[in-house]
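Enquirer: Take this structure first; my questions come after.
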Amino acid sequence: MSCEEFDYDEENKNKENRFESKYQFNIKDKIVLNNLRVIDKHQFNNEFGLSYCHKFIDDNWNVYFWFTKKALYKLDNENYDCHFYNIGDVISLMGTVIDYDWFEGIEQTRLKLCKIV
């Protein structure tokens, strides 16, 4: 099953435990990831101000996450509008691998300096 076919919602949040995510790429690799599905996003305040955590899965069910000061959105220059991505949306992302993390039994690849492409 590709992530395109995955019907993600809060009820199905624990479905990510049914697959085995693996760490991807090498630390410091600059990568482009296509067809990433947004599976979680939240904002929080810390000593640096408002921050965001965005979490994605790829077609092979590998989990990636990105801590940033940026909300996840796309500008529509034609209509001068802004579209905020929601859980379940599919995006392409360019960024750098900075670390690996193991959270709730799932291997996750941490990204930084990301840009939606």
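The values are calculated or read from the model by the stated rules, or taken from the named source; none is laboratory data. Owing to the predicted nature of the structure, the values given are computational and were not obtained by experimental measurement. Here the Cβ is made from the backbone with ideal geometry for all residues, glycine too, and neighbour counts use every protein chain on show.
Enquirer: Restricting the search to the range 78-113, which residues are assigned to a strand (DSSP E or B), more than 17 Å from ASN26 (Cβ to Cβ) and in contact (Cβ under 8 Å) with a residue 40 or more places away in the chain?
Expert: VAL90, ILE91, SER92, LEU93, ILE106
Enquirer: Here is a further query. Is it fair to say TYR80 is over 24 Å from GLU20 (Cα atoms), surrounded by 10 or more Cβ atoms within 10 Å (Cβ to Cβ), of a type in the set (Phe, Trp, Tyr) and modelled with pLDDT under 95?
Expert: Answer is no for this residue.
Enquirer: Filter the range 23-54 down to the residues that are of a type in the set (Lys, Arg) and modelled with pLDDT of 95 or more, then identify the one that is farthest from LEU113 (Cα to Cα).
Expert: My answer is ARG37.
Enquirer: Would you check which residues across the range 30-61 are surrounded by fewer than 13 Cβ atoms within 10 Å (Cβ to Cβ), among the charged types (D, E, K, R) and in contact (Cβ under 8 Å) with a residue 40 or more places away in the chain and list them?
Expert: Passing the criteria: only LYS30.
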